[in-house]
Amino acid sequence: MRKSKFNKLAVVAILSLSSSISVNCLAQDPIIQTKYTADPAPVVYNDTVFLYAGHDEDDAFGFNMKEWLLYTSTDMVNWTDHGPVASLKDFKWVTTDNGAWAPQCIRRNGKFYLYCPMPGGFGIGVLVSDSPYGPFKDPIGKPLIGGQYNSIDPTVLIDDDGQAYLYWGNPNLWYVKLNDDMISFEGEPIKDPLIAKVKGQPDPFHYQEGPWAYKRNGHYYMAYASTCCPEGMAYAMGKSATGPWEYKGSIMDGDPRSNGNHPGIIDYKGTTYVFGFNYAILKQTMSKHYERRSICVEKLTFNEDGTIQKLPFWSKNVDQIENVNPYEKVQAETMAYCAGLKTMKVEEWERNVSWNKGKLQTTRMVVTSVNNGDYIKVQGVDFSKGASTIDVCVASLRGGKIEVRTDKVDGTLLATIKVNTSGEGDIYKTITTPVKKVQGVHDLYFVFKGEKDLLDFDWWKFSAKK
Ligand code: FUB
């Protein structure tokens with residue numbers, strides 16, 4: 001079923017904000033606009049950032065979370081949406097349809113382990129896959145950590161000696177030593193004596209929840225959502241994976257612009273990044289507080305002694321670290337920014353059944369809910385080989401035009417792609433269109449013109465100038 005769009009007002013607000021954005025090399029905050037995303041859990045694999053995330057439903061009031069999403073990036077600015085990779089339904093022992101809270105994924109021995117908390121006493125489950133894209137399966141068919149230990153918000157660290165630790169908890173921090181199989185542990189869960197709130201003491205850190213274990217240059221870090229509410233992000237440092245933890249300060253102070261927060265920290269191509277979230281897209285439409293959050297990212301800077309320099313609120317200071325290659329297929333759902341669009345995973349047979357004799361094809365992620373004036377911005381596209389044509393793979397719905405522009409939503413027009421009403425049940429087709437002269441690095445805009453429900457957009461690709 002086609003998902004509803006963000007409130008029209010949000011689209012107008014986004015459009016007016018963005019029409020002033022010209023070429024730049026910085027990330028957007030928030031980084032995802034097609035869905036509400038929370039609880040970032042980034043992990044680096046194969047030179048790519050895999051960002052697992054919670055999904056706040058578009059109509060959420062309180063927490064309304066059914067599944068876990070995946071985004072990837074190799075430049076920290078353009079993010080590719082891979083849709084849901086796991087959901088509450090993957091745990092047969094979970095009987096709620098709301099509660100897909102903050103996950104974390106880690107790789108070991110060629111497998112990917114996704115630790116998933118389900119509040120309401122269900123506990124923390126673990127899913128395993130051979131691929132970071134899934135499919136993920138529950139190998140134990142029961143909670144890994146029972147629900148009696150404040151069991152939300154798992155974070156996992158594999159130390160240099162190979163010992164893995166799983167931490168979690170609100171209002172206390174708990175941990176276990178995981179066994180090598182990553183799906184069982186030794187002993188009983190331990191409540192950390194320094195970060196834990198024991199009868200309100202010690203509580204020097206205002207620890208809330210959302211721990212994130214991280215190791216850098218021999219220093220162990222425990223970052224977490226601190227103070228409430230609004231939640232900030234703070235951290236403690238230790239000499240071992242189990243502490244003792246010493247409170248070191250705030251990574252980002254609580255700010256009325258974001259009732260919650262939740263750190264996720266990675267090192268990627270020589271820079272350390274912290275992810276978290278705010279409510280910026282929600283707040284473009286209403287002052288009410290609903291749990292419709294949006295993931296953000298910033299660079300982290302360290303002092304000589306390993307302490308972290310405090311960040312102001314989310315401030316879009318992440319540089320694009322490589323350009324986009326337009327001569328290879330780029331998924332339409334790869335974007336730095338968009339206005340008014342949604343993304344959706346489709347099964348080919350839903351559209352193509354009579355043409356493919358009912359054979360089940362692979363799934364595609366597509367950009368959908370495309371109406372007049374909506375647009376996609378792909379940042380930093382390297383046209384050093386020029387361009388002669390552009391191919392787009394689209395399924396026509398009512399049809400319309402795609403204007404391909406550079407640097408601004410009303411920037412230089414490279415091509416106008418005509419997508420006729422197919423009358424063929426919105427089958428996917430590749431359309432080739434000549435392109436005007438272009439050279440150098442540009443932000444690329446796909447601006448949709450027509451009435452409404454114009455098309456679904458799968459991928460695009462330029463051919464170099466001959
Ligand atoms: O997203 C649901 C809950 O909100 C998470 O588990 C917490 O960390 C907070 O972000």
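The values are calculated or read from the model by the stated rules, or taken from the named source; none is laboratory data. What you are looking at is a predicted structure, and each value in this text was computed from that prediction instead of being measured. Reconstructed Cβ throughout: ideal geometry from the backbone, glycine too, with neighbour counts over all protein chains shown.
Among the residues of the range 281-309, which ones are within 12 Å of the ligand (Cβ to nearest atom) and either without any contact (Cβ under 8 Å) to a residue 60 or more places away in the chain or not in a strand (DSSP E or B) (or both)?
291, 292, 293
Can you find, within the range 60-101, the residue that is surrounded by the most Cβ atoms within 10 Å (Cβ to Cβ) among those that are among the acidic types (Asp, Glu) and closer than 22 Å to residue 42 by Cα? Give the steps one after another, and end with the answer.
We begin by selecting, within the range 60-101, every residue among the acidic types (Asp, Glu); these are 67, 75, 81, 90, 97.
Those still in the list that are closer than 22 Å to residue 42 by Cα too: 67, 75, 81, 90.
Values: 67: 17, 75: 21, 81: 24, 90: 20.
Among them, the one singled out is 81.
Residues checked against (1) part of a loop (DSSP other than H, G, I, E, B); (2) on the phi > 0 side of the Ramachandran plot:
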position: 30; (1), (2): yes, no
position: 43; (1), (2): no, no
position: 51; (1), (2): no, no
position: 58; (1), (2): yes, no
position: 68; (1), (2): no, no
position: 76; (1), (2): yes, yes
position: 96; (1), (2): yes, no
position: 99; (1), (2): yes, yes
position: 106; (1), (2): no, no
Candidate set from the range 219-246 (those that are at pLDDT 95 or above, among the hydroxyl-bearing types (Ser, Thr, Tyr) and over 23 Å from the mean Cα position of the chain (by Cα)); member that is farthest from the ligand (Cβ to nearest atom): 240
Residue count, the range 150-159 (criterion: assigned to a strand (DSSP E or B) and within 11 Å of the ligand (Cβ to nearest atom)): 1
Meets criteria (within 16 Å of the ligand (Cβ to nearest atom), in the same structural domain as residue 54 (by TED's automatic domain parsing), of a type outside the set (Phe, Trp, Tyr) and surrounded by 15 or more Cβ atoms within 10 Å (Cβ to Cβ)) for residue 189: no
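One line per residue, one yes/no per condition, for (1) within 15 Å of the ligand (Cβ to nearest atom); (2) outside any loop (DSSP other than H, G, I, E, B); (3) β-branched (Val, Ile, Thr); (4) under 20 Å from residue 40 (Cβ atoms):
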{"site": "112", "(1), (2), (3), (4)": "no, yes, no, yes"}
{"site": "148", "(1), (2), (3), (4)": "no, no, no, no"}
{"site": "161", "(1), (2), (3), (4)": "no, no, no, no"}
{"site": "176", "(1), (2), (3), (4)": "no, yes, yes, no"}
{"site": "182", "(1), (2), (3), (4)": "no, no, no, no"}
Matching residues in the range 251-280 - criterion: being away from the ligand (no atom under 16 Å from the Cβ), outside any strand (DSSP E or B) and in contact (Cβ under 8 Å) with a residue 12 or more places away in the chain: 253, 256, 269
Matching option when the condition is over 16 Å from residue 368 (Cβ atoms), at pLDDT 95 or above and not acidic (Asp, Glu), among 466, 401: 401
